[in-house]
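Notes to accompany the following structure.
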Amino acid sequence: MLNPASSIRDWLPSFLVEGARTAWRDVAHVTRGFRGEKVMTYELRSARETDAGLSPRAVVTKRLRVLEAVMCTPSAVSVRFETADGSPLHAEAGQFLSVHWPTGVRIDKRAYSLACRADGSSRGRIVVKVVPGGVVSAALAANAGSLAHLDVTGPSGSFVLDASAHAHVFFAGGAGITPIASMLLTHVPDRPKDRFVLVYGSRSLSECILHEEIAALAKAYPDRLQILWSFDDAEGLGAHAKSAHIGPLDAAATRRLVAAIDREVVDDATFYVCGPAPMMAATNAVLEERSVPASRVRTERFASPGGVVGTGVVAAKTVALRMKAGGRTLDVLGSTKQTILEAGLAAGISMPYSCAMGGCAACKVRVTAGETQSEEPNCLDPAEAREGYVLACCTRPKSDVTVEVP
Ligand code: FES
């Protein structure tokens, strides 16, 4: 059964939405009883009775006012923005925003790292590489001249500086430079005792995202920041022609470049890796060869949420969710088409979340009974998945479920 409240929610006034939602829940409750199904007990929660005043009823986005959107390379768009309400962005260098982009009947979500100094202000910047077939990146580039605002969730993510380390080696490939640039622009000026090394691979100088800013940073702090450049294409490299590695940033090239880094730095460093999958695999292989423990390697992978995997299409039907949160147990009715996060928020339960797209694990919950299906890829650790954890923002119930919200 399709929940009509969810399909009309977008255009009805909020008091009618709430009324429709309650009426639908009651009808579904009675219908389940007539069908001979186990009828769950549920607690009627009004806004006053619940913590709904503190907890939103749906995923809440933050509106950003676009200050400037321009193509900064032939295939990357730079978007500078400020929060529409002037509130601080509350970002840590290396974190990402989830852009919610309406595309007709649905909203596509994409994670884009901040590519700026995290200065505690209301302003920031993302740089988006236009990918072949990419819905949101192509739309951002096509609308660059007229982009007025963006709706986002976050900042999210844990790809941030290891504050306990004093040596940091970064491996960036293509647009993977963006979170790393954010860390460098933020921390190189502020950590005079630290050493930073950047290995940066790009297709060509003209496609090299944030080239000028990063080169200027190394020039301003030559004792703190060393950059090892790598370009696939030798054309037009200018001053880089003599010193840069020319060719793909594969395992052999990475091995050579790491050998050029001060041994003391390599021995003490925390390593940070972000870029295309082959480049990340090559880098991780070289770090393994050098016996760098996994605890000293931080990686960031971005992938758009795909489809639901391994389960086929599940028909829309009403299901019962027993939610255990904050020492209380609450039974609510949801739909197989709702995520656990959406169902929990709609019931007024205080559900933690940040990116709302499977990229940060802030919404991790444990399913102790019933069947679910999750969108892939997501950032859940396979060991946690084996223990029954799921990401509430991209997991839907297939049957009645019991969920523990940490
Ligand atoms: S809110 Fe980020 S993974 Fe669910």
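Return yes when GLU404 is more than 24 Å from ALA111 (Cβ to Cβ), within 16 Å of the ligand (Cβ to nearest atom) and surrounded by fewer than 23 Cβ atoms within 10 Å (Cβ to Cβ) and no when it is not. Yes: the conditions hold for GLU404.
All of (1) open to solvent by 10 Å² or more (accessible area, probe 1.4 Å); (2) of a type in the set (Gly, Ala, Ser); (3) within 16 Å of the ligand (Cβ to nearest atom) hold for ALA282 with one exception: (3).
If you filter the range 208-218 down to residues that are among the aliphatic types (A, V, I, L, M) and free of Cβ contacts under 8 Å to residues at least 24 places away in the same chain, you find that the one that is least open to solvent (accessible area, probe 1.4 Å) is ALA218.
If the condition is being of a type in the set (Ser, Thr, Tyr) and open to solvent by 20 Å² or more (accessible area, probe 1.4 Å), then the range 115-161 contributes SER121, SER122, SER146, SER158. Those strands (runs of 3 or more DSSP E) of the range 88-207 in which at least 2 residues are within 18 Å of SER354 (Cα to Cα), touching a residue at least 60 places away in the same chain (Cβ under 8 Å) and within 16 Å of the ligand (Cβ to nearest atom), considering only elements entirely within it, cover 96-103, 106-113, 149-156. The residues listed here are ALA369, ALA343, ALA294; of these, the one that is away from the ligand (no atom under 13 Å from the Cβ), open to solvent by 20 Å² or more (accessible area, probe 1.4 Å) and within 26 Å of ALA111 (Cβ to Cβ) is ALA294.
Based on this model, can you work out whether ALA383 counts as more than 14 Å from the ligand (Cβ to nearest atom) and either at pLDDT below 95 or not in a helix (DSSP H, G or I) (or both)? In short, yes.
The values are calculated or read from the model by the stated rules, or taken from the named source; none is laboratory data. Computed from a prediction, not measured in an experiment: that's the story for all the values here. With ideal geometry, Cβ positions are generated from the backbone for all residues, glycine too; neighbour counts draw on all protein chains shown. Ligands, DNA and RNA are stripped out before the accessible areas are found, and what is left, the full protein with its side chains, is counted by its heavy atoms. Shrake-Rupley method; radii C 1.70, N 1.55, O 1.52, S 1.80 Å.
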